[in-house]
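Inspection log for the structure reproduced underneath, given as structure tokens.
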Amino acid sequence: MENSENIEGLIKAFCADKNSSARTTEQLDEKILNAALSAREEYKRTQSAQTQPKIWRIAMHSKLTQLAAAAVVAVAVIVGSQFLGGTITFAQVIEPILNARTVVLDYVIGEGPDALEMHDIVIGSRIRRTMSNMDMTKILDPRVRSTLSNMDMTMILDFEDARMLTLVSLGVTKIASYIDIQGTGLEGTRSVLDFVRNVVSRVKDNPDADIQDLGEKEINGQKAVGFYVKGLNVDLTIWANKKTSLPIRIEFTEGKTSIVIKNIEFHVPLEESLVSMEVPAGYTLKDMTLNIIKVPAPHNLPYNATEEDLVESLRIWAEIILDGAFPDAIGTDHFMKQAAVLGYKLASLGLPDSGEMEQFPKGMIFLQEFEFGGKWGYAGKGVKLGDADKIILWYQPQGSNTYRAIYGDLKVAEVAEEDLPK
Amino acid sequence: MLEDKMLLWKFRHGSDDAFRHIYDKYKNDLLGLAIALSHDRTAAEDALQDVFVSFALHADKLHLKTSLKSYLSTCIANKVRDIIRKKSIQTVELDQAGQISTEDDQPDTLVMSAELSAQVEHAMAQLPYDQREVIFLHLHSGMKFREIAESQNVLLNTVLSRYRYGLEQLRSQLSGKVESWKTQRISKD
């Protein structure tokens, strides 16, 4: 009597045997392809043009918006973790930064007309955050672009309870979800203002701090005085209203990314309800967890992004978002702006909740470990996925003399500095 | 798997080339599966055409829970089942089954002898269709039992039972053939 394994082996060999002899003919191929593609053509003619908006209904119920929200959480990781850092005027300028309980501000990540903008209303330890200027250039269908532009997304971050409430609405569809930001999310996520607070408090307490007076200039019709504050990894420029001494604009660059905080208003009377963590009327609460912030139960540990995560995110970027090409530039702001495009494409693929949605920002989180202050470079512009000869990204791990280089075929190797792209 | 999803996405967005790519990638595997299940090349070709026409029509609404290959393999199995039901194709006799090959057959490419292949084919042809289907979907198309259960809308235990009973029947019919096959392989190597 044969055992099961042997019988299975025999049947597999039989299948392979039969498969090697099962070949379609050219005539059959032509017949089937013509029949299928003609049927498809006829089908398309009879379909209404209403299919695309459905994609967004799928996306609305998916992790797309939560992904974007998570990206917002993650972006704040960049600020506040890297920096290790007067005159009475400077002290006056930084006083509200350090002590104001309510602040309204806009901040812009990146440069140029399509830079990503966020708008924060800060009340105590909570922030109400909205985003604008998401990159929709890759979404070619004007109806979808128009639909997306009508989608509102608001995040309310509660740093005391380490939770985030996301509110997404598109027409009559309104979805709310809570996201746990304990761990990496909480450690890294702070308002951008907290980052500035961190910088100025270190400067304030450091008698050798390098503070330069930049003189006066007009900003948005206001006479402003400026200070340049030199930190260990970050140089900060603060402009304050000359009359009130209240900061109105803060600029800094981390790594290759510039961040501008503008339209700042301190001590604004604000309704506490703006940062309520209650689900507003009309919203449907949808359970959502994101493992980019935390390893799921039962472990409940902070998630540590790895080099493999970055490689996988690059693959998703090239393979799904850009149809086989690597992006022209890479960085947190680029990652964030591509989140909606990725969501759209995955929703189109019928995979609104696929693993790619959560994988994509993991690469961004790893990138942030060296993006701001570390030695790294990117040369993926014009490189196609699979190009084994071209280095697209390299970075120097802490304590290493060599670089880790990621090639166009996504293999990773140790490379000496002189062998990196110029 | 991701490549398939991209191809599917491109096809949905108007790329006929993407459809051709999918067809070229799986046509022979699927034809092989259809032949194995139906023992009828003409029926197998009909099944292949019906499956790809249906796939072209419904690609927009398709939500893949498994791989595209698994999905198409399941479609083939379902289509062959329909064809068998409609045409009342029953199991074929050994001499007829042995003729299911094409002019491309090259003896030196075969893993097993024509005689052993015919004996296995005959044994497979004696199995109830449900059991044959599970065995081929698992061993030919590489589908997991859970995928088969979901695609056939039956319980996992039902699929496992069909597989186990099918193998037991094959084992009793092919007693001694495995050793013969192994010997062939060794001498061939």
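What follows is calculated from the coordinates using simple rules that are stated; it is not laboratory data. Because the structure is a prediction, the values reported are computed rather than measured. No Cβ is skipped: glycine too gets one built from the backbone with ideal geometry, and neighbour counts run over all protein chains shown.
With r as the distance between the Cβ atoms of A:VAL412 and A:THR284 and R0 = 51 Å, compute the FRET efficiency 1/(1 + (r/R0)^6) and round to 0.05. Write out the running numbers ahead of the final one.
Working: r = 43 Å, r/R0 = 0.84.
That gives a FRET efficiency of 0.75.
The stretch between A:GLN222 and A:GLU308, if pulled fully straight at 0.36 nm per residue, gains 26.1 nm over its current Cα-Cα span.
Protection proxy ranking, highest mean first, for peptides A:324-334, B:73-83, A:405-415: B:73-83, A:324-334, A:405-415, where packing is the per-residue count of other beta-carbon atoms within 10 Å, averaged. Spatially, segment B:1-79 and segment A:3-43 are offset by 10 Å when compared through their Cα centroids. FRET efficiency for the pair A:LYS262 and A:GLU95, taken as 1/(1 + (r/R0)^6) with r the Cβ-Cβ distance and R0 = 22 Å, rounds to 0.65. Placing dummy labels 7 Å off each Cα toward the beta-carbon, the span from B:HIS58 to A:ALA35 is 1.6 nm. For the peptides A:387-399, B:24-36, the ranking by packing is B:24-36, A:387-399, with the highest mean count of neighbouring Cβ atoms within 10 Å listed first. Can you work out the FRET efficiency for the pair A:GLU272 and A:LYS12, with r the C-beta to C-beta distance and R0 = 51 Å, to the nearest 0.05? Efficiency, from the Cβ-Cβ distance: 0.15. Put simply, the C-alpha atoms of segment A:307-419 give a gyration tensor, and the ellipsoid matching it has half-axes of 25, 15, 11 Å, longest first. Each of the peptides A:210-219, B:127-136, A:153-162 was scored by the mean count of other Cβ atoms within 10 Å over its residues; in descending order, highest first, they stand as B:127-136, A:153-162, A:210-219. Here the gap between A:LYS381 and A:GLN398, fully extended at 0.36 nm per residue and compared with their Cα-Cα distance, gives a gain of 3.5 nm.
Peptide B:24-30 is shielded by partner chain Cβ atoms: per residue, an average of 3 of them sit within 10 Å of its Cβ.
Partner shielding of B:61-71 amounts to 1, given as the average count of beta-carbon atoms from other chains within 10 Å of each residue beta-carbon. Taking 0.36 nm per residue of sequence separation and removing the Cα-Cα distance, the B:ASP16/B:ARG164 pair yields an extension gain of 49.1 nm.
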